[in-house]
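Worksheet: the structure to be examined is printed underneath.
The numbers here are math on the coordinates, done by the rules we state, and not lab data. This one's a predicted model, so the numbers in the text were calculated from it and none came from an experiment. Here the Cβ is made from the backbone with ideal geometry for all residues, glycine too, and neighbour counts use every protein chain on show.
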Amino acid sequence: MPAEPRDSWGMPYELVRRDGAPDTVAGWKAVTDGLLTSQCCAFHRNLEISSRYAWLYTLQPACFKWAGMAAIASHHVRLALFPLRLDADRTGYVDIPRSLARRRLLLTQDVNTIRETNNGIFDDIFWVHLAYATADDGMARLRTLLRPEHHYAPVLAGFETIDRGRRILEDETASADARRSAADLIWDGNIQLLEHEQRTLVQPHFDNLSCAFARLVSLGAATSFEVHGLRREVVYFTSFYLYSVTRAIPHALRAQPWPRITRYDDRWHWLVTSVVPRFRRFDADPRLSDTSMQRILTTAHALASTPCVPPQTETPHRTPRTQAPRRPFGLPLPRQSRRR
C-alpha cells in the first residue's frame, strides 16, 4: 500500500491558487470535477466523493455540518451500488451499461439512479463550500456567483445564515448565550442546504425509482455514524421504518399509503426529527466525529491502492499486462479539527 498522503490535497486556498479563483458557477464546478479522478468506475467515484466531503468537514467542523452528513450518507451509498459490482472485471472496473442490462433481475436501473443522485449532489453543492472557504469574504463571493441563479437561492440563504453564526463564534467578546445562538444559526443554515438537496436534487431522481425498489429502500433505509460499541450504536442509529412505526406511528396511520422514504414529506419528517438530532449529538463529540471521518478517509485510501482501469479498445496481441495502470487518486487524512 502506498504511503498515506496526509498533505496530498493541501488546504482549500492551495487548490484554488493553482489556476486562480473562477468567477462563474461553471468555472467552480470545473474545479470541483478536477478534484475527482477522470473516468474512474462507479465505486472509486463514490469513494472519492465520500472522502472529499469528509475532508471538507474536517477543515471547518464548526460550520460545514452538511458536509459531515453528506460524507456519511455517501459512504453508505456504496452498499446500494453492490449489484453493479457483479459486472466488475478483474481490474475492478465496473461496466455500467452491461450492469443495466440486468435491470429486471436486480433493479440495477434503480441502483444506477442512486449513483447518479449521489454524483449530482456533489456536483451541485460541494463547489459552493469550496468557493466560500477560499475567499477572505466568502459571502461576498457567493452573492456574486449565486444571486443570478434562481436554482441556488436556498443555498445562498443557507450560507447567509451559516455566515452570521460563524462571525459571532469568531467574536471573542461574544457571550455564552450569543455563542449558543450562533451555533443554532449554523445548524439552521445547514438544514437549509439539506432541504435544497432533498427537494431539488434527490426528489426528482427518487420519483423515477420503481415501486419495488422504493419499498426495498424504505425497509433498508437507516443511518448510523460509524460508531463502535453497542450502546453508542443504538444512540446514533436510526431506521426509517423503525421510526415510522414508533415515534411517528400516529402520522403513519393517518398517511395513505404507508410512509415511503422515496416520498419527500415522509423522508423529510424522518430527517429533521431523527437523523439531524442524532448527527448533532454525534457532531458535538469531536472524538467520535473525527474517528468516523478518519474511517471514511482510511477506507477510501486503502481501496485507492487498487484502482480501477477503464476498458480499452482491444488490439491484436494486447494482454492485460501491457495496459498502463491508473495512478491511485490521492486521499487525505483528517487534519486537526478547528472547532470553536
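In what sequence, highest mean first, do 291-297, 201-207 appear when ranked by Cβ atoms within 10 angstrom?
On the way: 291-297: 20.7, 201-207: 16.7.
Highest to lowest by the protection proxy: 291-297, 201-207.
Listed highest first by mean packing, meaning other Cβ atoms within 10 Å per residue, what order do 170-183, 126-139, 23-36, 45-58 come in?
Values: 170-183: 11.9, 126-139: 19.6, 23-36: 15.4, 45-58: 25.3.
Per-residue mean Cβ counts within 10 Å order the peptides as 45-58, 126-139, 23-36, 170-183.
How would you rank W258, W66, going from fewest to most other Cβ atoms within 10 Å of each one's own Cβ?
Working: W258 13, W66 27.
Exposure proxy ranking, most exposed first: W258, W66.
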